[in-house]
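Every read-out reported here was derived from the displayed coordinates using simple, explicitly stated rules and does not represent laboratory data. Predicted model only: the values in this text are computed from it and were never measured. Cβ coordinates were reconstructed from backbone atoms using ideal geometry, including for glycine residues, and neighbour counts include every protein chain displayed.
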Amino acid sequence: MAFRNPINREVVRLAVPSILANITVPLVGIVDTAIAGHLGDATLIGGIAIGTMLFDLLYWNMGFLRVGTGGITAQAYGRGDMKASIGTFSQGIATSLIVSMIVLAIQWVFAEAMLLLVDASPEVERVARNYFFIRVWAAPATLALFVFKGWFIGMQNTVFPMIVDLWVNIVNMLASWLLSFYTPLGISGVAVGTLVAQWTGLILAFLLMLSRYRPLLKQTTILHSMKWKYFRRFFSINSQLFVRSVLMLVVYEGFTIFAARFGDVELAVSSVMMHLLLLYSYFVDGFAYAGEALTGRFIGERNREGLHETIKWTFFWGGIIGVISTVAYAVFPRAIIGILTDNAAVIATSEPYLFWLLLMPLLSCVAFIWDGIYIGATAARQMMVCMIWSAGLFIASFYLCEKPFGPQALYIAYFVHLVVRSVYLTLAAPRSVWPKLK
């Protein structure tokens, strides 16, 4: 039986808490979209979508704080080197503080420059601008939480990230709903709710770390960890992951920017569709996180059999989720869209795009699972090269298909990028992951 396999049990043990936490992640975006959808017309949905995009432009670029921290920590854990593990945490926290100060310093210039690239109506821009300048003050907490999450996962602990994520996401949803509908803040309550959730989540993460890992904190200091001879590997890996994050934004935020070319209603539809296209990924990501933690651990231990079993079982569970998601989208697409918005124009306009929901899950779960494996292997260069190809072909596909297919070009381009990621990472694995065992 599958569950008698010890590696499979470890995969499930690590994945389940992440899945429980990840279930609430899309709910935050869904609630934000629902609040906008029920407070007014498509303009508010589009404004929140653009505002969220601005933070994706910032925070997705900083995704290396979680990804790099997790992979390096997992390998240190596998070697039994706890000093290196806590040193990686210190490096991540110091980097997050520096970056967050830069974000706060350039917030106005950044927001205005990015809004110039978006062909949206003045009202959509007004909503987006107001959302951004409130939520930006959560930057230090948000970036520090990236580090906490990556470090916990690398330490083979997905329960603490689950607790923190559940807290942050539930507080975010409740606060945004209450502040938007029961205070004069209106749609601005969505941003204030996020602000409250992020800072209280950071406090919780710190308390959880102290409860279990306090002795490790005495093994090094931030200043010691930032010495170049210790920081060099962290910097090398994360600089490549930073480039990868930028290229991922080309795809995911390019999707929103390109959608704005077709008007406010198509922009609102693209926001709803992207929530649906990513919904199943939060289940797959649970197993990707498990793959990340165990891959790093087994590479640190030089355990070839453990690595082989980890890859096999993470793909097994990713495939099951892909099949279930495809069936769910085939049966319930209109009902799900009805949860996100009751705007008749948005619902009607979404009809021609629903068939894409049947094509994406099985394909994308391959890319997402490989991402976890590559992160654990700290194969940052290969992940960066993969995104160079996929982002470039995403842009090329959109411009080639825009004229003959109109808004459908958005979904064609997104599909092409998934194909490239899945194929490239599969073909590159023998020379990117296995050699790390040597």
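Overview of results
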{"read-out": "Estimated inter-spin distance, I324 and V16, nm [label 7 Å along Cα→Cβ]", "value": "1.3 nm"}
{"read-out": "In sequence order, calculated HN-Hα J values of region 91-100 (Karplus, 6.51, -1.76, 1.60; Hz; x Gly/Pro)", "value": "4, x, 5, 4, 5, 5, 5, 5, 5, 5"}
{"read-out": "Stretch gain in nm, segment I23-F316, where the contour uses 0.36 nm per residue and the Cα spacing is subtracted", "value": "103.5 nm"}
{"read-out": "Ordering of 191-197, 276-282 by packing [mean C-beta count within 10 Å, highest first]", "value": "191-197, 276-282"}
{"read-out": "Kirkwood Rh in Å, taken over all unlike Cα pairs in region 2-437", "value": "22.0 Å"}
{"read-out": "Packing-based exposure ordering (other Cβ within 10 Å, fewest first) of I311, I388, I257, I98", "value": "I98, I388, I257, I311"}
{"read-out": "Karplus-derived 3J(HN,Hα), 6.51/-1.76/1.60, for each residue of region 122-139, Hz, glycine and proline x", "value": "x, 5, 4, 5, 4, 5, 5, 5, 4, 4, 5, 6, 8, 5, 4, 6, 8, 4"}
{"read-out": "Only Lys, Arg (+1) and Asp, Glu (-1) charged, at Cβ; the chain dipole about Cα centre in debye", "value": "2200 debye"}
{"read-out": "Exposure proxy order (Cβ contacts within 10 Å, fewest to most) of R4, R233", "value": "R4, R233"}
{"read-out": "Burial order of peptide ranges 355-366, 137-148, 204-215 (average beta-carbon count within 10 Å, highest first)", "value": "137-148, 355-366, 204-215"}
{"read-out": "Packing-based exposure ordering (other Cβ within 10 Å, fewest first) of I187, I320", "value": "I320, I187"}
{"read-out": "Per-residue ³J(HN,Hα) for region 262-277, Karplus 6.51 cos²θ - 1.76 cosθ + 1.60, θ = phi - 60°, Hz, x for Gly and Pro", "value": "9, x, 5, 5, 5, 5, 4, 4, 5, 5, 5, 5, 5, 4, 6, 5"}
